[in-house]
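Just below is one structure, and these are the notes that go with it.
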Amino acid sequence: MNQFVIIPGTERAGTTSIFNYLSKHPGICPSIVKETRFFLDEDYPLPRRFYFSEGIEKYLSLYPNRDSDSILLDATPQYMYSANTAKKIRESLSNVKFFFMLREPISRLVSRYHLSKSIGRIEKEMGFEAWINIQIDYHMRGIQADQHYLRALDHGMYSKYLEKYFSVFSHDDLRVCQFGELLQNPRKIIEDICQFIHLDPDLIDTSTLQKKHNPSMTARHSLFNKIYYGIKDAVRNTLPKGSATYHFLASVYRSSRSVFNHIAMKEAVDITIPNDLHKQLYDIYSEEEERIGNILGIRDFKWIS
C-alpha cells in the first residue's frame, strides 16, 4: 500500500515550490498535475479532471508512474477549504500525511489578488481595494461567495479550516509550516518534510532550492490571459491524461511557458494598502495567531514575514 503525502493548503504560500522540490526525490511519485482536486466537494467552484464520486481508481490513475513503494504526492491547496474533504480522505486513504503551508493573511491577499488578475479572473479596471471591499461586505453579512477568487479574505482565517483536519487525523500525521520559514531557509524546510515522511533529504537536488516557483506576476493584457488560461483549463479537464494529444499539448505548454510569461506577464507591482483598510484587515485576522497557536500547541505563535 502506497503512502500518500498531501499538501492541502494554502494558496500563495509556497505549495508549488514544495511540490517541485519533493518531486525531485526518487522515492516520490508526484501526481501528473500538481493540483488533482480529486477530493474537493462536488460543488466546489473549480474545474477538475476527475471527481471523488467517480471512484478512487480515477485518483490513482493520476499517478501512472507509481511503484508499490512510491510515496504519492498531491498538492491541492483548496483541500483546506472544502468542507468534506478531510472526511473523504480519511475514508479513502489509509496511509496519509499532511503538510500545510500558511502565510501571513494580509500579504497572502495581495499575492492572491495578483494571481487572480494575471489569469483574468479580475477585470483589469478592478483595484485591490474594490476587490477586498466586496469580500469584506460578504464577510460582514456572513455570505460565502460563489466565485473562488472572491473567497480569498475568508481563506485567510486558517484556524477554522485547520481544526477540521486536526479533529479527523492524528496530530502525528499533520505538520504546519510558514511561508516565511520557506523563504528564509528552504533547505531546512525540505529536510524537515523528508524527516516527517521518512525519506533521505540528501537524495534531492538542492541546487534550485532558492528558485521561486509561481511568483506574483500581473498581466500585460488581461483579455489575452483570460483566453489563454481558459483554453489551458479546458485542455486539462477534458482530454484524457494518457492520450498522445494531451501529452503533446502539455509539452508545448511547458516549453512555451517562459516565452508566454515574457510576452504576456510582468512582475507584479507592490500594492500600498491604505491605513484604514489595513486596519480593517488586521482586525478581521487579529485572533488568528492565538487560535492557530492553540491548535498547534505553540505559545505565542507569530507570523514570520
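The values are calculated or read from the model by the stated rules, or taken from the named source; none is laboratory data. Keep in mind it's a predicted model, so treat the numbers as computed, not measured. Here Cβ is always computed from backbone atoms with ideal geometry, including for glycine, and neighbour counts include all displayed protein chains.
Structural remarks
- Among the residues listed as ASP205, ASP192, ASP172, the single one being at pLDDT below 95 and among the charged types (D, E, K, R): ASP205
- Filter result (surrounded by fewer than 22 Cβ atoms within 10 Å (Cβ to Cβ) and touching a Cys at 6+ places or on another chain (Cβ under 9 Å)) within region 1-24: ASN2, SER23
- When region 31-46 is filtered for residues that are more than 15 Å from PRO77 (Cβ to Cβ) and either at pLDDT below 95 or surrounded by 20 or more Cβ atoms within 10 Å (Cβ to Cβ) (or both), only ILE32 remains.
- Taking the criterion of being over 18 Å from the mean Cα position of the chain (by Cα), in a helix (DSSP H, G or I) and of a type in the set (A, V, I, L, M, F, W, C), the residues of region 41-94 that qualify are PHE52, ILE56, LEU60.
- Extreme residue, farthest from LYS88 (Cα to Cα), among residues of region 116-172 that are assigned to a helix (DSSP H, G or I) and among the acidic types (Asp, Glu): GLU129
- Some residue of region 20-40 being under 23 Å from GLN184 (Cα atoms), out of contact with any strand residue (DSSP E or B) (no Cβ under 9 Å at 6 or more places or on another chain) and assigned to a loop (DSSP other than H, G, I, E, B): yes
- Near pairs, Cβ below 8 angstrom, 6+ apart or cross-chain, from region 46-70 (among the acidic types (Asp, Glu)) to any residue that is surrounded by 15 or more Cβ atoms within 10 Å (Cβ to Cβ): ASP67/CYS29; ASP69/ASN2; ASP69/GLY27
- Whichever residue in region 184-200 is out of contact with any strand residue (DSSP E or B) (no Cβ under 9 Å at 6 or more places or on another chain) and either without any contact (Cβ under 8 Å) to a residue 40 or more places away in the chain or not in a helix (DSSP H, G or I) (or both) and, among such residues, is farthest from SER305 (Cα to Cα): ASP200
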